[in-house]
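The values are calculated or read from the model by the stated rules, or taken from the named source; none is laboratory data. Please read all numbers here as calculations on a predicted model, not as lab measurements. As a convention, Cβ positions derive from the backbone with ideal geometry for all residues, glycine included, and neighbour counts pool all protein chains shown.
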């Protein structure tokens, strides 16, 4: 994991984003609270030495909840991984007691404890997920990259709108060209059919008494 700056209220502690709360809660409420801030969880601390100076500077509570529970005599971290009671970081005599299933860390001796079961009220330590880390060492200028991405999106939208407008114009033009013509047999055809077999309306003979469709014009005596 790269070093970076953690999002508030988390602090960077040896490449972990940690937050310690003195607001005393039972294990379940502490877990829910961690999830509500930066999508965190109760902390997974496998090297308690990492907490030595940091926790001592903040400690007002004897015990702090961590993110591990026991199921069928096996302790496991909620975010993955197991450990057993042979771990030297356990307070002597703890970790194997019946009906004690939630993990704490003792601030005074920096060792694991199950002293308060799961219902005791105490402080707790939250840990944020990796995606809340911001890499300050990256040479990429994210502002420029974001602007370039927006420009690309607008450019693509302009192309799509342009193609759509051209398509609509083409449809309208095609419809306008579909005018109705008449053939000598007095049947209607479209321009498309006229292109296959061009036909024109015959010119009228002023001396003829027959119309284009074969109708006879009647001479009217104006007298």
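What do you reckon, is residue 93 at pLDDT 85 or above and over 21 Å from residue 20 (Cβ atoms)?
No; evaluated as a whole, the condition is false for this residue.
Would you confirm whether any residue within the range 91-103 is in contact (Cβ under 8 Å) with a residue 40 or more places away in the chain and under 39 Å from the mean Cα position of the chain (by Cα)? Even if it seems obvious, please write down each step before you answer.
At the first step, the residues of the range 91-103 found to be in contact (Cβ under 8 Å) with a residue 40 or more places away in the chain are 102.
Next, from what is left, pick out any that are under 39 Å from the mean Cα position of the chain (by Cα): 102.
Yes, the range 91-103 has at least one match.
For the range 48-76, which residues satisfy the criterion of being closer than 18 Å to residue 11 by Cβ and without any contact (Cβ under 8 Å) to a residue 24 or more places away in the chain? Before the answer, list the steps.
Pass one, the range 48-76, residues closer than 18 Å to residue 11 by Cβ: 48-61, 64-67.
53, 57 - these are the residues of the range 48-76 that are closer than 18 Å to residue 11 by Cβ and without any contact (Cβ under 8 Å) to a residue 24 or more places away in the chain.
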